[in-house]
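See structure below.
The values are calculated or read from the model by the stated rules, or taken from the named source; none is laboratory data. Values in this document were obtained by computation on a predicted structure and should not be read as measured data. Positions of Cβ are backbone-derived with ideal geometry, glycine not excepted, and every protein chain shown enters the neighbour counts. Accessible surface is based on the protein model in full, side chains and every heavy atom, while ligands, DNA and RNA are left aside. Shrake-Rupley method; radii C 1.70, N 1.55, O 1.52, S 1.80 Å.
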Amino acid sequence: MREKEWKIPYARPEVPAALTEAGYGPLLAAVLALRGARTPEAAEALLEGGPELLHDPLGMRGMAAARERVLRAIEQGEAVAVYGDYDVDGITATCLVTDYLRRRGLRVYPYIPDRNEEGYGLNRAALESLRGEGVSLLITVDCGITAVEESAFGRSLGLDVVITDHHECKDGALPDAVAVVDCKQPGDCYPNGALAGVGVAFKLVCAVDGDPAAMLERYADLVAVGTVADVMPLVDENRYLVRRGLEKLEKDPLPGFAAMLKEAGVDPQRLSAATVGFSLAPRLNAAGRLGQAGRAAELLMCSDAEKAAALAAELCELNRQRQSIETDIWQDAQAMLAGQTPDGPIVLASEDWHQGVIGIAASRLAEQFSLPAIMICLNGEQGKGSCRSYGGFNLFEALAACSDCLIGYGGHALAAGLNIRRDRLDDFRRALAAYYKDNKPEALPEVSCDLLLRSCEALSIPNVRELERLEPFGNQNPKPVFCFSGARLEAADAVGGGRHLRVRLGVGSSRLDGIFFGRSAQELGVRAGELVDAAFTPQVNEFRGHVSVQLVLTALQPHDPAPLCRRILEGDETVRWAAADYCPARGDFVRVWRGGGGELQLPASGEEILAACPEGMPPETYCLCLMALLECGLLQSPDGRIYGAKSAVLEEKADLEATELLRSLRACQNTGERRTP
């Protein structure tokens, strides 16, 4: 596993005066500016956007036909099947449409295939069974867009099929259905192409009912949970849908959700998108992964609190089983890699893995090695695989390019599934490796910080609380990540049985406590007393009546001066705000000049220059000294750059304090400048 690359923003943060004058704190104002909201109007739209963000469901291609067919079923009292997927998105979508149609008086058969026995999507046996129950209309949710042959088979049985999905279409080939509703189908102009499957299902019932406000009031919690669990972008109408859903989960949750929150020990008054992602979604997903998705659907459609409590306890136990299975698969995968560091997509296969759990292990592999990962569960001569991307690599397009090695595939750019013959595994590995080599995504920093803080002043309790207005956090609306560069690690203690790290950072004269979950000081390579770079999200911590700001660390490393030093040596004026804390004093110049015996000859590379830094002097200070000496003429080079510069003799005494570099650094050191986040 390679070291993570950091991106630290050294330029002065933009804090729009229009926002601070409107009452926004400097920390939130700086984050809003980064997200394109530089006026009070834009900030209000981002933070408080309401029903005006919701788009007309009839703007979706195929929605009018779907609406008419469902209305006809209601008028004629037909038996309807709602055919979903076994993940959280599919389960919530199934429950939503089932509940709505039952309220309209229909006999409804919710159907979620067994992940391990039937696999993903429509299958002929299920269609025959449903038709045998008298079903005349089948509505898919979160699946069906690639079911061309299955849809045709359903129609041959006398089933009308309405497809609602949000997955990618294959080569533009669509099922021959009464209606196909999918924002990703060719020709669709719906403004939000990133709805979850449950979002598309919600739009269907809105179109059928004609009262979107009432539908949102009734189903917001289902929509929110499915949207967050499927990691959809939390912008545009998705953000509003999730925010309304979180409010419903707090004030009036379904009995099933209330029971799950209680079983998970979650305070319903302190809900966030993270609560959904880390507490509710894994428990619902565990049921589907272990072939018990029907129990999750039963929980969400349950109206009896006592029965809901029993089902919630059952799902929690399934989640514990899932965790145990996942650990075994993870250890097996590590043994297969035998300590090697792959340089291309990871493709592993085994007969011993559980089909429902390999996707989680694939996600962990992708994160560990910063590479796409595919794990395949073999059964006889065939295998089913779960694929996870990394760094923006488009998995769906990659699988399409390697489709001659596959029986089938489907999914998204970032997560997909495949079916393959055992004897084509090596061919697939080679084809995927070649495709990745030709389409390798541009390397991105693995630790990307939004703002560099030079002091702790901006991290006041009111400023940190104000950041909560950016909730719900998630895909495309992440929690802002701040960082300190060159902070002193004053304490680093193992807590939680050695599983977590509690730290104390010194920044100037201030001290802040933090927690780094799932990491140890030894693993991070840091020790108390050292200078470190720390990336974190701040939160307000309340414990036994004491309220304080705590840092939740996302990355920690020994302080690396090289990135800032390189930009100082290149003459990048935008980094002077960050470099001001290293502004050299007269004694620093004396050390640098005397260290060369009055005859300085600098190397031709930045690395060699840094290697010559006097012991005990911050490298940033050393580089600033050299650049000031170059500006005043005490160092000269043919091209005017610092690399290869050497001492020069001046006829007049040089005034270092008069250099533009030192004057700008001194200006950045005053109180007003330092208070800027």
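Brief remarks on what is shown
- Residues satisfying the criterion are absent from the stretch 282-294 (criterion: of a type in the set (Gly, Ala, Ser), touching a strand residue (DSSP E or B) at 6+ places or on another chain (Cβ under 9 Å), closer than 30 Å to Ala42 by Cβ and surrounded by fewer than 24 Cβ atoms within 10 Å (Cβ to Cβ)).
- Inspection of the stretch 433-442 finds no residue satisfying the criterion of being crowded, with 20+ Cβ neighbours inside 10 Å and either at pLDDT below 95 or not basic (Lys, Arg) (or both).
- Checked against the criterion of being of a type outside the set (Asp, Glu), farther than 30 Å from Gly158 by Cβ and in contact with a Ser or Thr (Cβ under 9 Å, 6 or more places away or on another chain), the candidates Gly36, Gly50, Gly25 yield just one match: Gly25.
- Taking the stretch 490-525 as the range and being in a strand (DSSP E or B) and of a type in the set (Gly, Ala, Ser) as the test, the residues that pass are Ala491, Ala492, Ala494, Gly506, Ser510, Gly514.
- Only one entry of Asp182, Asp165, Asp221, Asp230 meets the criterion of being surrounded by 24 or more Cβ atoms within 10 Å (Cβ to Cβ), under 24 Å from the mean Cα position of the chain (by Cα) and under 22 Å from Glu78 (Cβ atoms), and that entry is Asp165.
- Some residue of the stretch 371-386 being hydroxyl-bearing (Ser, Thr, Tyr) and either closer than 22 Å to Glu118 by Cβ or modelled with pLDDT of 90 or more (or both): yes
- There is no residue in the stretch 64-84 that is at pLDDT below 95, under 28 Å from Ala293 (Cβ atoms) and out of contact with any His (no Cβ under 7 Å at 6 or more places or on another chain).
- Enumeration of residues in the stretch 121-145 that are at pLDDT 95 or above, more than 28 Å from the chain's Cα centre (by Cα), surrounded by 17 or more Cβ atoms within 10 Å (Cβ to Cβ) and among the hydrophobic types (A, V, I, L, M, F, W, C): Ala126, Leu127, Leu130, Val135, Leu137, Leu138, Ile139
- Taking the stretch 516-530 as the range and being open to solvent by 20 Å² or more (accessible area, probe 1.4 Å) and either within 24 Å of Leu27 (Cβ to Cβ) or touching an Asp or Glu at 6+ places or on another chain (Cβ under 8 Å) (or both) as the test, the residues that pass are Phe517, Ala528, Gly529.
- Positions within the stretch 541-592 being free of Cβ contacts under 8 Å to residues at least 40 places away in the same chain and among the polar types (S, T, N, Q), in sequence order: Asn541, Gln550
- Subset of the stretch 1-29 that is in contact with a strand residue (DSSP E or B) (Cβ under 6 Å, 6 or more places away or on another chain) and not aromatic (Phe, Trp, Tyr) - its residue that is farthest from Ala580 (Cα to Cα): Lys4
- The residue that is nearest to Pro472 (Cα to Cα), among those in the stretch 271-281 that are in contact (Cβ under 8 Å) with a residue 40 or more places away in the chain and assigned to a helix (DSSP H, G or I), is Ala273.
- Some residue of the stretch 483-506 being crowded, with 17+ Cβ neighbours inside 10 Å and within 20 Å of the chain's Cα centre (by Cα): yes
- Number of residues in the stretch 146-161 that are among the hydroxyl-bearing types (Ser, Thr, Tyr), crowded, with 24+ Cβ neighbours inside 10 Å and outside any loop (DSSP other than H, G, I, E, B): the value is 1.
- The residues in the stretch 457-488 that are in a strand (DSSP E or B) and in contact with a Pro (Cβ under 9 Å, 6 or more places away or on another chain) can be counted, and the count is 6.
- Exactly one residue out of Gly391, Gly385, Gly380 is within 20 Å of Asp352 (Cβ to Cβ) and either touching a Pro at 6+ places or on another chain (Cβ under 7 Å) or free of Cβ contacts under 8 Å to residues at least 40 places away in the same chain (or both): that is Gly385.
- Residue among Ala362, Ala373, Ala366, Ala338 that is closer than 17 Å to Tyr409 by Cα, out of contact with any helix residue (DSSP H, G or I) (no Cβ under 6 Å at 6 or more places or on another chain) and without any contact (Cβ under 8 Å) to a residue 40 or more places away in the chain: Ala362
- Hits in the stretch 162-191 (condition: more than 20 Å from Gly90 (Cβ to Cβ) and assigned to a strand (DSSP E or B)): Ala173
- Filter result for Arg454 (assigned to a loop (DSSP other than H, G, I, E, B), over 26 Å from Trp577 (Cβ atoms) and basic (Lys, Arg)): no
- Against the conditions (1) touching a Leu at 6+ places or on another chain (Cβ under 7 Å); (2) part of a loop (DSSP other than H, G, I, E, B), Glu442 satisfies every one except (1).
Conditions tested, residue by residue: (1) open to solvent by 50 Å² or more (accessible area, probe 1.4 Å); (2) in contact with a helix residue (DSSP H, G or I) (Cβ under 9 Å, 6 or more places away or on another chain); (3) on the phi < 0 side of the Ramachandran plot.
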position: His546; (1), (2), (3): yes, no, yes
position: Leu551; (1), (2), (3): no, no, yes
position: Cys565; (1), (2), (3): no, yes, yes
position: Leu569; (1), (2), (3): no, yes, yes
position: Trp577; (1), (2), (3): no, yes, yes
position: Arg594; (1), (2), (3): yes, no, yes
position: Glu615; (1), (2), (3): yes, no, yes
position: Leu629; (1), (2), (3): no, yes, yes
position: Arg641; (1), (2), (3): yes, yes, yes
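- Candidates are the residues of the stretch 252-267 that are closer than 22 Å to Asn238 by Cβ and of a type outside the set (A, V, I, L, M); the one that is surrounded by the most Cβ atoms within 10 Å (Cβ to Cβ) is Phe257.
- Residue, least open to solvent (accessible area, probe 1.4 Å), within the stretch 648-677, restricted to residues that are within 18 Å of Pro13 (Cα to Cα) and at pLDDT below 80: Pro677
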